[in-house]
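In what follows, a single structure is set out as structure tokens and then discussed.
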Amino acid sequence: MEATERLARTWIASGREEELVQIASDISSSKTTLLNLVKALGEYLKRAERSPGVELLSLVLAKLAPDSLNRPAVRTLANFYTDKLDDADTIIPALQGLVTLASFPTFGPAEATTVIEGLLRHVKMKALTQNHRFKVFSIIDSVMANQREVIKGMGKKFLDGYVSLCEGEKDPRNLVLVFAMDRVILIEFDISERVQSLYDVIFCYFPITFRPPPNNPGGITADDLRLTLRSVVSATPLFGPLAIPHYLDNLAAVGRPAKRDILETLNVCLPVYGPKIARSFARKLWNSLKLEVFQPVDVNTEQLALKTLQTLINTIYASEEGNESQTDVQGLARDACEECLTILREPEKSQARPATRVLCSFMATTPSVAKFTVSQAIPHLTKLFINPDEVTARPATLVLLAQFIEAARDAQDKDTTTELFLAPYKDEVLGALSSGLKAHNLRLPSLGGLKGLVTTQRLLTDQELGFIVHHIDEIIQDHPDRFDDISDGVLELLGSIAEVAPQIVVEQTLPILFSGLPDVAPAREAAAGRAQAWKALSYLQTLCTEPQLFDTLVVRLTTKLEHLTLANTLQVKVSKKHADVAKYLERLVVRLFKIFVYSALEFKETAATFLEDPRLLQAAAQCMTLVVRSLPQLRQEPYIKSLLLALSNGNIQPIIRRSLQNTEGCAAKHLRVFLLPFPKRLDVTVLRGCDATLQGATFREMQQFTFVAVIVNRKVDELEGFLEGFSTKFWSNEVLNAELSLERRHWAIVTWTWVYQVFSDASINWDAAKSVGLIPGHDDILTKDNHAVTRILYAQKYVKVMLPQTISGSQDTSGGWINLVAFLVALAGLIKSAPKATYLGELPSLMPLLIRGLDLPDPQIRSNVIETLLAAADGETPEKSLVAEHASTLVNAMLKNCMAKEMPSSTVRVAALQYLAVLPSIVRYDVLHPYKTQVIKELGKALDDPKKTVRKEAVEARTIWFKYNG
């Protein structure tokens, strides 16, 4: 007892933590008791200044284990603390004590009643600071969690007192807790007689307009408050009659973020409020929501309004499914349909598109509403299309019809027994779309509508699909001059048909496309013939990804050595995980190997054959890689081992499945160019002789080095000797040796990356600088798909080391202009290849250097710089833009780089136009406005660019600048 008194007096005098810990330890170890502590504090609890005594008791209580007090002790303390709530001197420490006490397992119903009644009777929230108000709410929250039935039994008395405590609360830290308790009360308590008072205290916060302060001590965000409040307002249907007018009033008055909040809240609340409430407010909701669709403030808000409209329709009509005829829909759905169809009488007008989006959204609601919408909209549009008085409106009519077809397809139930929405109108729609294919200005929307029909499961028969293909073939044959503009749409449609009926495309369309390929390659000077052949090949590689079509493609093109087309098509098939790729080991890979093996055997030193063309070799290698990589492991490993034997000793019989004579030496001629995914257990003896081969190579084909890199990647531990000798000789003999040809030194630089020391050598410094960006960049060979060993974050680690050195070199003028330019080239390549996160912090200092890089003559460097600027623009806002101060320079530089007469590279022109399109979204209007007229005028010239992709980007960029307003 004496020790406890001494510790208590010491703490009263000093407030040190040591005494608190000691008292709590003594109580826990039974050296003293809580009663002794109360006795020791007797005089302090009776003084005029009673706060220190109560505070010490509360602090000690907080350090005790929850099960250290029995129920009588808890009851005594609960009564003690409740009495102290009426005293301004002791309310603060009393609240702290009650926070701890309410969490104890021995805190029972009687104590809960005493404490809650005391809080409701004595606590005046306006007199307390935020953290003390938080304690009040925490006490109620603990009691509600552990003794909820006690509070529920208090009925209206508790609800009235709780509302009084919550009124006027503004601190977000407290509100998050209050909203959580509100939801429990609304769901589990009888609030029928207090709906209005709870509505008043809850909806005064909606919509949330909170903006976190700069320091944000609680870490509470606006989204935290929005989500928790949304869970409250959607907790009970009793709020419906009061809440919906509140939502609608605010929807018309608030800004974009609040609009989105209201629409998202309506999406959650309407199903809870129920069909009766939704039906009573249907017309008012429709009038407000359609305003957000027909006059949207932005695309996101429009999409949310459409989603809310769907929720409204679902809420009203979901309960009526099965009770009414599906063709006899009454109420809001019918009224809204009729209103939108009135607008669709003039499909070319601007309001027709939002009206179509509204009707399309109805199709994704209930089956009855969807069927009714289709029955009204589709006949209306088909009649409008065939009306001779509406010829000028036909393009717009078909565009809208295509949107309805896609919406009906997407809304269709996957159940194969349900009736298709479009089935009753299929003939009329197919007739209109087929008729549209005969007019050039109607073909694109017709193709879109036909694709929607084709991709609707169970809708079209094979005969109808053949009818569509016949019309497409007529376009390809009869109008080749007008086919380019619609080729993407045609190929997408044919590809969709090939997925469901490939034989039709094989028999009707492929012969026409193959007829465009000459038996003999056109001469180089025959530009028209070569262009026609490339077009046919590009169409074939896009179309023939389905197994049956690809099989035909392989047979027809292998003999023509069109490996590039096969490689590109195989790449698409692999990305789609087609199972038929593996079967082409014998039918394609072996056949390709035979072609090159025979060429190697007949090789003459004096005259290289066309089979040595690097593009042909790389395309063949890609075909082989994709096929072998798709094989199961049991088939893959034996074949790769046989390939390695062919590479090392010329034993080519296993890979061509045939016995040949005089094969010695042919491997080194051609076979080393084929790069396949190597298994971990490959034999490293294949590298014997590689050192000599590489030292004597002409370095015209980097495949040999890549071959070595693949093996080293998988067997680095077993190749230390080889690597050490190779690295010692290579740098001095191949890079620093000025007696060698520039071409040889160029390829040596590409092979090696320790390049800063040759930046001052004007003959090779650009090659050296470009190679800096190779390591973190994309690699087609050393990838996980090819089973290469890749270290996590290797690119970030590399950039972290190299970027500071490169920036420093780009700013250092002591090395002269040659050295400075080399560092700028290195910087452009490094940044282009690096993930944005690795250089994000350096962007302010990088921006001037990147802008200087736009003046370098190499198109690839300019492309790298612009792509880096595009990546940096992602996520920027006009208020926090890094490029605002450089706006004038960037606008002029991009306009220069998007003109064909100034920049021959179409890649650079496309990138420059893309960045011009981005600038208005990341720079304030007052900064860019002076350049608007100039940009629109100059972009008009880019509309005549010879490249289609450039023209497309020019149109988009010019449209953005034309609509750009403050």
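The values are calculated or read from the model by the stated rules, or taken from the named source; none is laboratory data. Bear in mind that the values here come from a model prediction, so they are computed numbers and not experimental data. Virtual Cβ from ideal backbone geometry, glycine too; neighbours counted across all protein chains shown. Note: areas computed on protein heavy atoms with side chains; ligands, DNA, RNA excluded. Shrake-Rupley method; radii C 1.70, N 1.55, O 1.52, S 1.80 Å.
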Classify the stretch 503-597 from the C-alpha gyration tensor, please: rounded if a/c falls under 1.5, else prolate or oblate depending on whether a/b exceeds b/c. oblate
Solvent exposure ordering (accessible area, 1.4 Å, most first) of Glu17, Glu876: Glu17, Glu876
Of the listed pairs Lys290/Lys451; Lys797/Lys832; Lys259/Lys284; Lys800/Lys832; Lys577/Lys784; Lys901/Lys941, which have alpha-carbon separations greater than 19 Å here? Lys290/Lys451
For Leu850, the net charge from surrounding residues (Cβ-Cβ under 12 Å; K, R +1; D, E -1) works out to 0
What FRET efficiency comes out for the pair Asp580/Asn441, r = Cβ-Cβ distance, R0 = 51 Å, nearest 0.05? 0.80
Solvent-accessible area, 1.4 Å probe, carbon plus sulfur percent, for the stretch 878-962: 54 percent
Counting only heavy atoms of the protein chains, get the accessible area per residue of the stretch 31-184 (1.4 Å probe) and round it to a whole Å² value. 44 Å²
Å² of accessible area per residue within the stretch 878-962, as computed with a 1.4 Å probe and no ligands counted: 51 Å²
For Tyr798, what accessible surface area do you get with a 1.4 Å probe? Give it in Å², rounded to 10. 40 Å²
Report the trypsin sites (Lys or Arg not before Pro) located in the stretch 155-198 that are in a DSSP loop and have at most 13 other Cβ atoms inside 10 Å of their Cβ, or state none. Lys170
